[in-house]
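First comes the structure, then the notes that go with it.
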Amino acid sequence: MIELGFTTVLVGLALLCALLFVFGMPILLVFGLWVVGFHLLVPQFPMTNMAIESHAELQNFAYVAIPLFILVGDLIHEGNIADDLIAFSRQTIGWLPGSTGNTALSCSAIFSAITGSNTATTAAVGKALHPPMVDEGYDSTYAAATVAAGGTVGAIIPPSILLIIYGVLFGVSITDLFIAGIVPGIAMVGGMVAVNSYLSSRTTYGVSSHDFEFRPAEIALSTWKAKLGLGTIVILLGGIFLGFFTPSEASAVAVVYILLTGILARRIDGLDQIVRACFTSLLLIGVIMPVTVFAVLVQQNLSFLGVQTVVSDAILRLDSDWAIILAMMIIMLITGSLLSSVPNIVLTAPFLTPAAMELGLDPVTWGVLFMMSDAIGFITPPYGLNLYVISGLTDIDYMKVAYAALPHLLVLIGIWTAFFLVPELNVLAPG
């Protein structure tokens with residue numbers, strides 16, 4: 001009777017948390033309710049465990065990179081260096097059909113390689129390029145959807161903050177994850193550029209694209225003008241890939257670089273700019289890290305209950321590799337569209353990792369594949385974080401933006417499926 005009572009109370013707690021989540025309670029509070037309730041109900045988990053585990057989780061040095069990468073992006077914004085990067089993107093790819101739409105997509109890749117954040121990328125590109133897209137004849141809703149879709153690459157292209165979190169939580173080399181994210185990230189951008197170019201050629205989108213012809217001299221000039229921002233990418237990724245820095249060290253070097261060059265170039269000429277950039281970084285890290293810690297505690301609780309073993313065993317009992325792959329993809333698409341990234345990483349990945357290993361995927365390749373599914377969730381209702389960001393910026397209805405993003409969503413799912421079925425396509429991932 002005691003065990004039945006315990007089970008009943010625990011199931012009731014789980015249902016309460018699920019209902020609160022469905023009705024809009026912030027995920028941090030939902031996780032907090034579950035963790036506190038679980039620790040009160042289970043004698044093996046004293047309340048002191050919450051403090052001990054939280055402290056232990058936050059001791060990982062790799063987490064230092066997260067606020068510093070965010071700070072780099074904010075300093076670039078404060079110094080108006082982003083304008084040079086946009087001009088560079090327009091000269092490089094703006095001559096294709098759908099000029100400014102393609103510029104927005106390529107800018108998303110560049111901003112992602114600096115900030116490591118999908119939301120920061122979506123917000124920055126949306127503010128800068130949504131109005132010009134509308135001026136070029138783009139439907140306002142489709143323009144917003146294109147920006148939101150471009151922001152998805154922030155989860156894949158290094159130095160992705162989410163890849164850092166994944167690497168820390170599951171003991172996978174962050175440098176290897178960064179390297180393995182390059183080819184899928186480029187493929188995602190290329191696929192979306194192809195979609196935008198096709199749709200633009202069939203409509204009046206980007207009617208002014210002929211104003212941006214392919215001119216090597218102009219590209220060279222815009223590259224020189226964007227040297228501060230592009231130099232940040234070279235230092236970040238070059239230093240990591242050549243083994244000069246760890247990701248955490250590279251983030252610190254990048255902050256120093258952008259501060260010094262920004263001050264010398266008179267792009268950063270006031271302490272108030274630095275303070276604003278630091279405040280934004282502190283604000284975002286204050287959102288990310290509590291969710292990460294509580295998600296880890298929830299995962300620990302579920303592991304104790306054996307939930308992850310039950311789910312992974314059920315998947316592995318399927319008849320064939322194809323059935324296992326299909327089940328995994330369906331689960332990832334559902335959880336990616338329902339959960340924010342950190343909870344999705346912490347809760348869903350452990351369920352599916354045994355099946356991924358059974359399919360012969362190495363931990364790095366699997367990590368990138370999982371994050372690709374999470375990125376797709378950024379433009380998939382009901383969560384669709386990028387859709388919320390751009391909807392708030394443009395004041396366009398969320399569901400209208402989601403519908404307009406369908407062409408990009410379908411091509412991203414196609415690219416993800418290709419890398420899942422043929423992992424060898426990711427030539428930079430470990431053998």
| message | From the convex hull of the Cα coordinates of segment 60-196, what is the mean projected area in square nanometres? | response | 7.9
| note | Rounded to whole angstroms and listed largest first, the alpha-carbon spread of segment 239-311 along its three principal axes comes to 59, 33, 14
| query | Ranked by accessible surface with a 1.4 Å probe, highest first, in what order do 227, 127 come? | reply | 127, 227
| message | Can you tell me how segment 280-431 classifies by the Cα gyration tensor, rounded, prolate or oblate, using a/c under 1.5 as the rounded cut? | response | oblate
| request: Filter the trypsin sites (Lys or Arg not before Pro) in segment 250-312 down to the DSSP loop ones having no more than 10 other Cβ atoms within 10 Å, then list what survives. | output: 266
| query | Per residue, how much accessible area does segment 295-431 show when a 1.4 Å probe rolls over the protein heavy atoms, in square angstrom? | reply | 41
| query | By its C-alpha gyration tensor, with a ≥ b ≥ c as the square roots of the eigenvalues, how is segment 1-44 shaped: rounded for a/c under 1.5, else prolate for a/b larger than b/c, else oblate? | reply | oblate
| field | Approximate spin-label separation residue 287-residue 427, in nm, with each point projected 7 Å along Cα-to-Cβ | value | 3.8
| task | Would you please classify the overall shape of segment 274-347 from the alpha carbon gyration tensor, given that a ≥ b ≥ c denote the square roots of the eigenvalues, rounded means a/c under 1.5, and beyond that prolate means a/b larger than b/c while oblate covers the rest? | result | oblate
| Length gain on complete extension for the stretch residue 241 to residue 61, per 0.36 nm per residue less the alpha carbon to alpha carbon distance? | 62.9 nm
| request: Quote the accessible area belonging to residue 141 in square angstrom, nearest 10, computed with a 1.4 Å probe and with ligands, DNA and RNA left uncounted. | output: 30
| message | I'd like the carbon and sulfur percentage of the solvent accessible area for segment 44-86, probe radius 1.4 Å, heavy atoms only, ligands and nucleic acids excluded. | response | 61
| task | Mind pulling the angle between the C-alpha long axis of helix 48-58 and the longest principal axis of the chain? Nearest 10 degrees, somewhere in 0 to 90. | result | 30
| message | Based on the alpha-carbon set only, what is the convex hull volume of segment 172-320 divided per residue, in Å³? | response | 245
| query | Okay, helix-only estimate at 222 nm for the chain: each DSSP H run of n ≥ 4 adds -39500 (n - 2.57), divide by all residues, round to 500 deg cm²/dmol; what do you get? | reply | -24000 deg cm²/dmol
| query | What accessible surface, in Å², does a 1.4 Å probe find on residue 284, ignoring ligands, DNA and RNA and rounding to the nearest 10? | reply | 60
| task | Return one whole number: the accessible area per residue of segment 112-203 in Å², for a 1.4 Å probe. | result | 25
| remark: Cα pairs beyond 16 Å in segment 22-125, in percent, come to 70
| said: On a straight-distance basis, which aspartates and glutamates could pair with residue 225 in a cross-link, Cα separation under 15 angstrom, same-chain partners fewer than 8 positions away excluded? | reply: 83, 84
| said: Can you work out the Karplus-derived ³J(HN,Hα) for every residue in segment 10-19? Use 6.51 cos²θ - 1.76 cosθ + 1.60 with θ = phi - 60°, whole Hz, and x for glycine or proline. | reply: 5, 5, x, 4, 4, 5, 4, 4, 5, 5
| residue 217 versus residue 49: modelled label distance in nm, points set 7 Å from Cα along the beta carbon direction | 7.1
| note | Distance in nm between residue 224 and residue 11 label points, each 7 Å along Cα→Cβ, equals 7.3
| task | Could you check which residue among 204, 92, 417 shows the biggest mean-square fluctuation in a GNM of the chain with a 10 Å Cα cutoff? | result | 204
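The values are calculated or read from the model by the stated rules, or taken from the named source; none is laboratory data. Note that the structure is a prediction, hence the values are computed from the model and not measured. Every residue, glycine among them, receives a Cβ derived from its backbone with ideal geometry; neighbour counts consider all protein chains shown. Please note that ligands, DNA and RNA were not included when accessible areas were found on the heavy atoms of the full protein model with its side chains. Shrake-Rupley method; radii C 1.70, N 1.55, O 1.52, S 1.80 Å.
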